[in-house]
Every structure is written in structure tokens, then in C-alpha cells.
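Here's the structure, in C-alpha cells; my notes come after.
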Amino acid sequence: MNVPVKSLFDRLGGANAVNTAVDIFYRKVLSDDRVAPFFDNVDMDRQIPKQKAFLTMAFGGPNNYTGLDMRKGHKHLVARGLNDSHVDAIIELLGKTLKELGVPDSDIAEVAAIANSVRNDVLDR
Amino acid sequence: MSAHIGYGNAQFEARSDESVLDCLTRNGVSVPHACRSGVCQSCLMHADEGQIPEAAQKDLQPAYKKQDMFLACQCRPEGDMRVSLPEHGLLDIHAIVSAKEMLNHNVMRVRLLTPTPYECEPGQYITLLNADGLARSYSVANNPDADHFIELHVRLFKDGAMSAFLAGANLGDSLIVRGPAGKCFYVAEGQRDYPLMLAGTGTGLAPLYGILRAALAQGHTGPIHLFHGVISEGDLYLDRALQDLAAQHSNLLYTPCVLNGTDGKGYFAGEIETAVMTAVPAEKDSARLFLCGAPEFVNGMRRKAFLAGLSSKHIFADPFLPAKPVAIAA
Ligand SMILES: Cc1cc2nc3c(=O)[nH]c(=O)nc-3n(C[C@H](O)[C@H](O)[C@H](O)COP(=O)(O)OP(=O)(O)OC[C@H]3O[C@@H](n4cnc5c(N)ncnc54)[C@H](O)[C@@H]3O)c2cc1C
Ligand code: FES
């Protein structure tokens, strides 16, 4: 008999995990001097749904992000100096968030790999 | 790709990333508008033909959506559209000014009568339009369905367009009411025992007053803490009524905060942010926070409270965005 392998998204806890993680993750982002300036003038009401969409994607969940969306959505930030170091910081904060939630290192590495896969689109190169 | 916008007998070409509102006003068409941020709904239009982008209907009531209405300021057309101004009377309500009273040196209480009791949640906002198409949003400070009138607290600005209009309005004058909209209102969930924090500056008290009375009327049992931030003592209003309310309800605490005040006068002398932050309850997961008034206060406070551990889904905010009129091309 075949035991179905649970997907990363299901292992993490699906949409509930996204809802739990989003506040912890966004708090870390706003408190981190390296990346906080990029979020200074954005409305929290608009940011939370965007962060949820990002986490859903990074957790391997259903999403309709395209490379083009990623480029369009971050172009103005690239113009303000967004670079590899900031992407690294975000991936680091994402890892810390999951660690706090008790996610095993192997799953955190998978999430980091997914987040890393959109790096070139985000940085528009 | 640039889209064409048909209006009446004319046809205009929208610039890339230009909203329908900006395109029409650039071409000399007068469309009522105020916030240009998708909040006030004064730029409501009807799509006669063409696809309405999702963003242009995001927070609209289902009744508006069903009738192909959209917000012109949020509508960046994805293809050709034909648009028109909505016919008054279809969805708008005519109200008459039934009472006016100064609550302090620059805040005026305005009561409006509607043909049938107006249904909205205390704390939501409505947009008033006058016959000239001037539009501004105001928060509902009472429960109109029960009271049979709508109560607003209007701060009078020198050179304020709607301020001047309302200050000069006679009892019996008529206005159009559009809305309601907004997510700042009391919802009794489960136990009704969660801590409730209400903080507003200036006429940000209006929605909070509505929310407070709704919470008390619905038997909220958790602690309620109301903060009213003003610049000078004379800017406080409804102070007496709120002191009385707090005396009658053991779970209600009222803290007026006067920025330029002096200690020992029965209020908190200093910034409202400081007063709120020192009072954040231990039950951070369940506490609800409502923030209304000056946008700088609302957005700054929201961020501070969130970083202090309040849940993002429990912070409700209504920044009173000032109107951003665009010049109509000659
Ligand atoms: C959702 C929402 C709810 C609102 N609820 C209320 C409410 O309950 N009570 C209330 O009084 N207002 C409320 N407002 C603000 C209101 O809509 C108008 O912006 C305000 O009444 C000024 O309109 P006006 O036509 O009198 O002045 P305008 O003609 O728009 O402005 C005249 C002058 O006053 C200045 N000005 C306008 N607003 C401010 C300000 N806040 N601080 C300093 N200068 C300013 C302008 O820059 C301009 O120079 C709300 C706004 C929103 C978006
Ligand atoms: S919603 Fe469009 S101008 Fe306010």
C-alpha cells in the first residue's frame, strides 16, 4: 500500500500556519534595521495580505505568483536599493520565525530554498 | 497598451497607470471625489461596458458590485471601458440636517434625518455629498437604526470646504448620504470578555463614541479603555458625558489625553501614544484595539501596538485621510 507523502505545505500546517506565522514574521521584519526602512511608509492593512501571500508561496502552498508579478511588485524597491543582502535578511527572518514555531530544520531549509528561487525575479535581473 | 474611456459622447485615452478619475478630470469632466485612496466612495461610477479591474471594487458593498459600480480613483482600466456617473436615488439616500450644536470651540454635532432608519454599524463612516458634488467622509457616532437619526461630529476647519458648507447649512437642508463603509465597529464575539481599547485624536472620538455605546449596549463584560487625544484642554468634548458613563460602568475607564496640558487636572498630560502603550493589557492575544483620527497617529499607533504584541487581525484603524482634490482641466 502506498502511504501518501505529505507535502511541505501540509507538514507546516497549511493556511493556519500562515496565519500564525504572519504576525511573528512581520514583527521581525519591522524590527530589523536592515529591511525595516523598505516598509516604513506602507499601510499595515495592505501589507498583511501581501505577507500572507508571500508566506503561502514560500511554504509551498497554492499561489498564483508569477515571475512578472514579482518583478513588478518590487521594482520600486530595487530602485531604492533593494539587493541580495536584503533578500538574505528576509530569508533569515523567515527561518527564525519557523524555528520559533518549532518547525524542523529540514523543512526550514526547504522553505528557504523556495524563497531563494524567486530571488532573481524580486531583484529584477 | 492604452485603454479608451468612453463618457457621454466623448472618448478619452487613459495614460499608462492612470486612474479613470484622473483621466476624466484631466479632460475636464467633473467627477465627485475626496480621498483618492479608495476609502470615501465619493468617486463611485457605473461601468456601462468593459471589464472592471478587481481593485476598483475591492471594498464595495455587494449591492454596488452587483450593479457594476466601481471606484474611479482605484480603477486602472485593463481594456476599453464605457462609464457614467450613477443616477442619484438608485443607491444614495437623501438626508436632511435636523440639528446642529457646537460641542466645543471647533467641533459641531450634526444630526441628519433619513426617510427610513439608516442601517449601519456605529463607528462606520458615510460620505456626504452636496448639490455641488462636494464630498467628504464622516464617522457615525451613534446607532442610527435605533435612534432614527445619524449623528456626526464635524471638526470645523478654517477654509474647509465641507466645514464651511455644514457650518452655514440651515436645518432642513438636504444632503446625499453614501455608504456606509469601514470595518471599525463592535462585534460581540463569544464571551464578550476580551479587553477593548479605543483610542482616537480629535473627532476620532466620533466613531469610538459609537463603538463604546454599542459595546455597552451589547453587554460587553471585558475591560474597556477609551483614550481621547487632543492638543489643548479646550479641544476635549463630550468630556462630562464620558466621565458620567465611566462612573456608571465599572468596566469602563476613560482617559482624556491633553498634549499641552498640565499634570493634576484629571487628565493625562502628554502624548496619547504614551498613555495607550502603558495600558496595553496582558491578554495580548485577545485584546482588540480601535484607532481613529489623524492618519499620523493612527498609523504610528497601529505599528507600535502591533510590535508590542497585539494581533494584527485585532487592530482596527480608521485614518481620517484629508481630501486630495485634483484640479479639473479647463
Ligand atoms: C474614513 C474617514 C472618516 C472621517 N470621519 C470624520 C469625522 O467623524 N469627523 C471629522 O471632523 N472629520 C472626519 N473625516 C475627515 C473629513 O472627511 C474631512 O477631511 C474634514 O472634515 C475636512 O474637510 P473640509 O472640506 O472641511 O476641509 P478641506 O476643504 O478638505 O480642507 C481645508 C483645509 O484644511 C486642511 N485640513 C483638512 N484636514 C485636516 C486635518 N486633519 N488636519 C489639519 N489640516 C487639515 C486642508 O489641508 C486644507 O488646507 C474623516 C475622513 C475619513 C477619510
Ligand atoms: S474612494 Fe475614490 S475618491 Fe475616495
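The values are calculated or read from the model by the stated rules, or taken from the named source; none is laboratory data. Everything numeric here is computed off the predicted structure, so don't read it as measured data. So basically every Cβ, Gly included, is an ideal-geometry build from the backbone, and we count neighbours across all protein chains shown. Ligands, DNA and RNA are excluded from the accessible area calculation, which covers all protein heavy atoms including side chains. Shrake-Rupley method; radii C 1.70, N 1.55, O 1.52, S 1.80 Å.
You will find that of B:HIS228, B:HIS220, the residue that is assigned to a loop (DSSP other than H, G, I, E, B) and crowded, with 21+ Cβ neighbours inside 10 Å is B:HIS220 and no other.
Here the stretch B:128-165 is the region considered, the condition is being part of a loop (DSSP other than H, G, I, E, B) and among the aromatic types (Phe, Trp, Tyr), and the residue that is nearest to ligand 2 (Cβ to nearest atom) is B:PHE157. Of the strands (runs of 3 or more DSSP E) lying entirely inside the stretch B:1-68, the ones with 1 or more residues being more than 23 Å from the chain's Cα centre (by Cα), closer than 24 Å to B:ASP92 by Cα and away from ligand 1 (no atom under 16 Å from the Cβ) are found at B:4-7, B:44-49.
For the stretch B:238-252, residues that are open to solvent by 50 Å² or more (accessible area, probe 1.4 Å) and either farther than 17 Å from B:PRO195 by Cα or of a type in the set (Asp, Glu) (or both) total 5. Collect the residues in the stretch A:87-111 that are in contact (Cβ under 8 Å) with a residue 40 or more places away in the chain, open to solvent by less than 30 Å² (accessible area, probe 1.4 Å) and not acidic (Asp, Glu), keeping them in residue-number order. Within the stretch A:87-111, A:ALA89, A:LEU93, A:LEU94, A:THR97, A:LEU98, A:VAL103, A:VAL111 meet the criteria. Just a yes or no: is a residue in the stretch A:61-68 within 14 Å of another protein chain (Cβ to nearest Cβ) and exposed (fewer than 13 other Cβ atoms within 10 Å of the Cβ)? Within the stretch A:61-68 (the criterion being within 14 Å of another protein chain (Cβ to nearest Cβ) and exposed (fewer than 13 other Cβ atoms within 10 Å of the Cβ)), the answer is yes, since at least one residue qualifies. Applying the set (1) open to solvent by 10 Å² or more (accessible area, probe 1.4 Å); (2) within 11 Å of chain A (Cβ to nearest Cβ); (3) touching a residue at least 40 places away in the same chain (Cβ under 8 Å) to B:ASN299 leaves exactly one unmet item: (3). Applying the condition of being within 26 Å of the chain's Cα centre (by Cα) and not β-branched (Val, Ile, Thr) to the stretch B:245-255 and asking which residue is nearest to B:GLY234 (Cα to Cα) yields B:TYR254.
Residue-wise test of (1) touching a helix residue (DSSP H, G or I) at 6+ places or on another chain (Cβ under 6 Å); (2) away from chain A (no Cβ under 14 Å).
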position	(1), (2)
B:SER232	no, yes
B:SER250	no, yes
B:THR262	no, yes
B:ALA269	no, yes
B:LYS284	no, no
B:LEU291	yes, no
B:ALA305	no, no
B:HIS314	no, no
B:PRO322	no, yes
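Filter the stretch A:101-125 down to the residues that are farther than 15 Å from A:LEU55 by Cα and assigned to a helix (DSSP H, G or I) and list them by number. Answer for the stretch A:101-125, where residues must be farther than 15 Å from A:LEU55 by Cα and assigned to a helix (DSSP H, G or I): A:ASP105, A:SER106, A:ASN120, A:ASP121.
Residue count for the stretch B:270-296 satisfying the condition of being in a loop (DSSP other than H, G, I, E, B) and open to solvent by 70 Å² or more (accessible area, probe 1.4 Å): 5. Checking each residue of the stretch A:76-86 against the condition of being surrounded by 14 or more Cβ atoms within 10 Å (Cβ to Cβ), within 14 Å of another protein chain (Cβ to nearest Cβ) and within 29 Å of B:VAL39 (Cβ to Cβ) gives no match. Only residues in the stretch B:9-36 that are not assigned by TED's automatic domain parsing to the domain that holds B:ASP48 and surrounded by fewer than 16 Cβ atoms within 10 Å (Cβ to Cβ) count as the first member; pair them with residues that are basic (Lys, Arg) and part of a strand (DSSP E or B), Cβ under 6 angstrom, at least 6 apart or cross-chain, and list the lot. No pair meets every condition. Just one of the listed residues (B:VAL326, B:VAL280, B:VAL258) is more than 11 Å from chain A (Cβ to nearest Cβ), of a type in the set (A, V, I, L, M, F, W, C) and more than 29 Å from B:ARG240 (Cα to Cα), namely B:VAL326. Assessment of the stretch B:65-74 against the conditions (under 18 Å from B:PRO180 (Cβ atoms), away from ligand 2 (no atom under 16 Å from the Cβ) and out of contact with any Asp or Glu (no Cβ under 7 Å at 6 or more places or on another chain)) yields at least one matching residue. For residues that are at pLDDT 95 or above and small (Gly, Ala, Ser), scanning just the stretch B:175-207, find the one that is farthest from ligand 1 (Cβ to nearest atom). Looking at the filtered set, the residue picked out is B:ALA199. Restricting attention to the stretch A:29-60, the residues that are open to solvent by 50 Å² or more (accessible area, probe 1.4 Å) and within 11 Å of another protein chain (Cβ to nearest Cβ) total 9.
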